[in-house]
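The values are calculated or read from the model by the stated rules, or taken from the named source; none is laboratory data. This is a predicted model, so every value here is computed, not measured. Note: ideal-geometry Cβ built from the backbone for every residue, glycine included; neighbour counts use all protein chains shown.
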Amino acid sequence: MRRLLAAVALCGLAACAPPPVAVGPGYRDAAQPIGVTSRFDEARFGGLWYVRAGFDPDLGRMAFRLMETPTGMQMRLGAFVCDPAGICGDFAEDLPVQRLGKGRYQIRMPNGKERRFWVLWVDEGFRTAVVGNPEGTFGWILDRATKGGSDRIKAAQEILDFNGYDLSKLKVVK
């Protein structure tokens, strides 16, 4: 009888335990609050960015250009190849972008899926930025250059950590 009561008591205590933490597809603790930067300025954010680190499994040398076109906002995304002078090119895809609010976008990816894209942080000079989404399906550290800015890249990693991303899964582009 004591064992039965002990088992019932243990089951009751187990019911009081908090639910497991919701984790996205391996990149971010979805229970952690996330938000866009108050410093965001679309005009200053537009232009060429290089992905310096990220959580995408096949992350390679990627760049994108966010721009306004006659038909609306567009992101040009692609792999890039740099020559010895550091000039990079070879864009592959033009992706339609929908503004959802200040620093918030929705992008139709090449596979047809929609991906929310939030600007979580940008440095004062708009040289380095962090983008991600509440779902935690991706996160990128972006920079205007393919090298340098180690202090800003470190700050960007801290922002990812603050927003619940698992830095052990961050892949640095070489």
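Here are the numbers for the structure shown:
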| item | result |
| --- | --- |
| Some residue of region 115-128 being closer than 16 Å to R65 by Cβ, surrounded by fewer than 17 Cβ atoms within 10 Å (Cβ to Cβ) and out of contact with any Phe, Trp or Tyr (no Cβ under 7 Å at 6 or more places or on another chain) | yes |
| So L142, is it more than 8 Å from the chain's Cα centre (by Cα) and closer than 16 Å to L170 by Cα | yes |
| Residue match in region 13-33 (condition: out of contact with any Leu (no Cβ under 6 Å at 6 or more places or on another chain), of a type outside the set (A, V, I, L, M, F, W, C), modelled with pLDDT of 65 or more and exposed (fewer than 13 other Cβ atoms within 10 Å of the Cβ)) | yes |
| Counted residues, region 146-168 - those being surrounded by fewer than 14 Cβ atoms within 10 Å (Cβ to Cβ) and either in a loop (DSSP other than H, G, I, E, B) or of a type in the set (S, T, Y) (or both) | 4 |
| Where G136 falls short, out of the listed (1) over 8 Å from the mean Cα position of the chain (by Cα); (2) more than 12 Å from F45 (Cβ to Cβ) | (1) |
